[in-house]
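The values are calculated or read from the model by the stated rules, or taken from the named source; none is laboratory data. Predicted model only: the values in this text are computed from it and were never measured. Here the Cβ positions follow ideal geometry from the backbone for every residue, glycine too, while neighbour counts run over all protein chains shown.
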């Protein structure tokens with residue numbers, strides 16, 4: 001499995017590459033300068049485990065690269081690392097399919113923790129997965145549904161799971177997308193009609 005980093009800034013690319021090698025010593029880290037190099041790199045280096053890419057890549061308009069990668073690999077986590085402050089840019093990236101939006105000004109330890117959490121949450125899908133038709137929910141996602149049913153806020157969930165509120169938002173976004181819903185209410189309706197909640 002390979003981890004792909006696409007950023008035209010050499011220092012950022014190397015920093016993320018080093019960080020990923022620490023997080024996943026057994027995986028291969030592939031550093032690319034341009035998005036156009038990705039297809040050839042995938043053929044050469046094999047199946048992806050993670051994508052980390054800059055939002056403002058040369059020759060790529062807006063969040064196009066995100067949607068393209070997600071069409072090819074919908075289940076592979078994709079992290080956007082951007083110099084742009086979150087807000088509209090973050091929303092556009094998440095809308096296009098990104099799993100996480102991190103500002104480049106974020107502390108390295110925080111970037112590391114966030115990426116680790118994304119990789120971890122993906123690993124959990126295989127463990128105690130709940131399968132409903134062709135939808136597979138991880139243990140964490142089932143846990144989130146039960147917490148939503150208890151009426152917990154993002155802050156409450158973060159405190160209970162010992163993760164950041166930002167990470168809670170990411171987990172909820174991924175859960176909504178997996179179920180094909182847009183809100184907490186729709187999630188709970190889906191959960192009830194599919195027997196995930198009693199009563």
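List of remarks:
- Test set (1) in contact with a strand residue (DSSP E or B) (Cβ under 6 Å, 6 or more places away or on another chain); (2) under 22 Å from residue 117 (Cα atoms); (3) at pLDDT 90 or above - residue 41 fails condition number: (2)
- Whichever residue in the range 6-30 is crowded, with 19+ Cβ neighbours inside 10 Å and touching a strand residue (DSSP E or B) at 6+ places or on another chain (Cβ under 8 Å) and, among such residues, is nearest to residue 51 (Cα to Cα): 6
- Flag for residue 81 being in a strand (DSSP E or B), in contact with a strand residue (DSSP E or B) (Cβ under 7 Å, 6 or more places away or on another chain), touching a residue at least 12 places away in the same chain (Cβ under 8 Å) and crowded, with 20+ Cβ neighbours inside 10 Å: yes
- Of the residues making up the range 142-155, those that are in contact with a helix residue (DSSP H, G or I) (Cβ under 8 Å, 6 or more places away or on another chain) and closer than 15 Å to residue 186 by Cα are 144, 145, 147, 148, 149.
- Checking the stated criteria, residue 86 turns out not to satisfy the condition of being within 19 Å of residue 13 (Cβ to Cβ) and either assigned by TED's automatic domain parsing to the domain that holds residue 164 or more than 12 Å from the chain's Cα centre (by Cα) (or both).
- Listed by first and then second residue, the pairs linking a residue in the range 87-103 that is part of a strand (DSSP E or B) to a residue that is modelled with pLDDT of 85 or more and surrounded by fewer than 21 Cβ atoms within 10 Å (Cβ to Cβ), with Cβ atoms under 6 Å apart and 6 or more places separating them unless they lie on different chains, are 102/111.
- Residue 133 vs. criteria within 18 Å of the chain's Cα centre (by Cα), surrounded by fewer than 19 Cβ atoms within 10 Å (Cβ to Cβ) and on the phi > 0 side of the Ramachandran plot: no
- Listed conditions (1) in a loop (DSSP other than H, G, I, E, B); (2) surrounded by fewer than 18 Cβ atoms within 10 Å (Cβ to Cβ) are all met by residue 112, apart from (1).
- Residues of the range 48-77 satisfying the condition of being part of a loop (DSSP other than H, G, I, E, B) and farther than 13 Å from residue 37 by Cα: 55, 56, 61, 62, 63, 73, 74, 75, 76, 77
- Between 104, 139, 61, 70, the distinction of being surrounded by fewer than 20 Cβ atoms within 10 Å (Cβ to Cβ), within 18 Å of residue 191 (Cβ to Cβ) and either modelled with pLDDT under 85 or touching a strand residue (DSSP E or B) at 6+ places or on another chain (Cβ under 7 Å) (or both) belongs to 139 only.
- Pairs with Cβ under 6 Å, 6+ apart, first in the range 17-38 and touching a residue at least 12 places away in the same chain (Cβ under 8 Å), second in a loop (DSSP other than H, G, I, E, B) and surrounded by 14 or more Cβ atoms within 10 Å (Cβ to Cβ): 33/8; 35/57; 35/60
- Note on the range 163-185: among residues that are modelled with pLDDT of 85 or more and over 19 Å from residue 97 (Cβ atoms), the one that is nearest to the chain's Cα centre (by Cα) is 184.
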